[in-house]
Amino acid sequence: MSSTLHVQWTVTPLIAPRPWLTCGRCGGIKPFQSSGKARLNANGKRLDARLIYKCTDCDASWNRPLFERRNVREIDAGLLQALQANDRQRIEAIAFDIEGLRRSATRIEEFPEAHVTKRVLAGNPAAFERARIALSVSVPCALRLDRLLVVELGVSRTRIQELHAAERLRLSPVGERALRRPVRDGMAVDLDVDSTDRLAGLSTGVSVQPG
Ligand SMILES: [Zn+2]
């Protein structure tokens, strides 16, 4: 009897992207990281908001514009409150928003370190012949798909490539180079399971992907 195990892996990046900018104090192009603090400046009824970054070498500040000259009434009340209070979660979400960061910086360093949590959606983890891994990646992460599979499944990169070539590992959406690209939300990996492969990490465990 054939059976499929459906699992979901949720991948969360651990390190926010860092802009590389010319540092006026220590000179040269340096990586900057979020200080976790926002700054609001009022000009009549209009507000500027910035997220403060610090040079990782000398601690000089760089202000990333979040919005400028915006009428107070047009600003989401929850966002305004979060910025005023330096709400950790909301500020962190802004720091991980790489698309937003791209509006202010051209050179950005991304990190593959990620937290991975797994849960069984359907099927029996003790007895299955096929597995479908659904990826949930709500925040962009630079972790490559093949690296995620190598670490989490405990098999070699060569083995991953062999399985892919033999169509025993299939990707959806299908992509010629998808294994070597960063993980994306909504991707799925289908595996025909072979007893010679250890797949200990398929359905259980919480792990941290090293950089
Ligand atoms: Zn500096």
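The values are calculated or read from the model by the stated rules, or taken from the named source; none is laboratory data. For clarity, every value in this text was computed on a predicted model and none was experimentally measured. Cβ sites come from the backbone with ideal geometry, for glycine too, and all protein chains shown count toward neighbours.
Name the residues in region 177-199 that are modelled with pLDDT under 65, loosely packed, with under 12 Cβ neighbours inside 10 Å and not basic (K, R), would you?
Across region 177-199, the qualifying residues are S195, T196.
Can you give me the number of residues within region 124-150 that are touching a Ser or Thr at 6+ places or on another chain (Cβ under 7 Å), surrounded by fewer than 18 Cβ atoms within 10 Å (Cβ to Cβ) and of a type outside the set (D, E, K, R)?
Total meeting the criteria: 6.
Would a scan of region 1-19 turn up a residue that is within 11 Å of the ligand (Cβ to nearest atom) and either closer than 20 Å to I98 by Cβ or touching a Leu at 6+ places or on another chain (Cβ under 6 Å) (or both)?
Looking for residues that are within 11 Å of the ligand (Cβ to nearest atom) and either closer than 20 Å to I98 by Cβ or touching a Leu at 6+ places or on another chain (Cβ under 6 Å) (or both), one finds none in region 1-19, hence no.
Output the residues belonging to region 22-57 that are within 16 Å of the ligand (Cβ to nearest atom) and over 27 Å from the mean Cα position of the chain (by Cα).
G24, R25, C26, G27, G28
Answer with yes or no whether R64 is within 21 Å of T22 (Cα to Cα), surrounded by 14 or more Cβ atoms within 10 Å (Cβ to Cβ) and touching a Ser or Thr at 6+ places or on another chain (Cβ under 7 Å).
yes
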